[in-house]
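The values are calculated or read from the model by the stated rules, or taken from the named source; none is laboratory data. Values in this document were obtained by computation on a predicted structure and should not be read as measured data. Note: ideal-geometry Cβ built from the backbone for every residue, glycine included; neighbour counts use all protein chains shown.
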Amino acid sequence: MKQSIGVHCYDFDDYTVGEGFRTATRTLTETDVVMFATLTGDTNPLHMDAEYAREGTYGKILCHGLMIVSYAAGLINKVGYVDGSTIALRQMEWQFRLPVFPGDTIYVYVAIKGKRKLTAKEGIVNAEINIFNQRDEICVSGEWKMIVDLHPNVEK
């Protein structure tokens, strides 16, 4: 398993099926929730109104599911594996398993599940993504299919 080692670029051949890595952590705040709501326009009271949320199933404000996924993408990007070689995300699928609240700390574990060449210049890499909270519980799980450059023009 590779840890957060700051690799500058992974090309297609560098991805090994069965290999994985863990990201750094990020603690989510109420400010993050407000900023995400402002950016997206998703001002559902479950995310914005503590009194309203108190009456709901979880009894407090929830972080947006797509905010969690977005921050996970940022944590993955900071590791460096996708910088310079990922051309595009082709597909994403998510299952939201547990709620995430302001004050929770998340991290991501990425496992490479498969890969195949598409053309002479690019391939597709399938990655399983699990987003954990500070109690090591999987809150969100999913899969990414990334189109990756076979030989990016960047130094490693």
Query raised in the report: Restricting region 107-150 to residues that are more than 23 Å from ALA53 (Cβ to Cβ), of a type in the set (Val, Ile, Thr) and touching a Ser or Thr at 6+ places or on another chain (Cβ under 8 Å), which is modelled with the lowest pLDDT?
Result: VAL148
Report task. Would you tally the residues in region 64-87 being in contact with a Pro (Cβ under 8 Å, 6 or more places away or on another chain) and in a helix (DSSP H, G or I)? Result -> 0
**Report entry** Test: residue in region 29-46 that is surrounded by fewer than 17 Cβ atoms within 10 Å (Cβ to Cβ), within 30 Å of ASP149 (Cβ to Cβ) and without any contact (Cβ under 8 Å) to a residue 24 or more places away in the chain
**Finding:** yes
Query raised in the report: How many residues, within region 10-63, are over 19 Å from the mean Cα position of the chain (by Cα), of a type in the set (Phe, Trp, Tyr) and part of a loop (DSSP other than H, G, I, E, B)?
Result: 1
Query raised in the report: Quick one: would you say ASP104 is surrounded by 14 or more Cβ atoms within 10 Å (Cβ to Cβ), of a type in the set (D, E, K, R) and either under 22 Å from LEU28 (Cβ atoms) or modelled with pLDDT of 95 or more (or both)?
Result: yes
Report summary line: How many residues of region 64-84 are more than 9 Å from the chain's Cα centre (by Cα) and β-branched (Val, Ile, Thr)? The answer is 2
Report task. May I ask you to verify whether LYS115 is touching a Leu at 6+ places or on another chain (Cβ under 9 Å), at negative phi, buried (at least 16 other Cβ atoms within 10 Å of the Cβ) and basic (Lys, Arg)? Result -> no
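Regarding GLN95, is this residue in contact with a Ser or Thr (Cβ under 9 Å, 6 or more places away or on another chain), surrounded by fewer than 19 Cβ atoms within 10 Å (Cβ to Cβ) and either at pLDDT below 95 or not in a helix (DSSP H, G or I) (or both)?
Working: in contact with a Ser or Thr (Cβ under 9 Å, 6 or more places away or on another chain): yes; surrounded by fewer than 19 Cβ atoms within 10 Å (Cβ to Cβ): yes; either at pLDDT below 95 or not in a helix (DSSP H, G or I) (or both): yes.
Yes: the conditions hold for GLN95.
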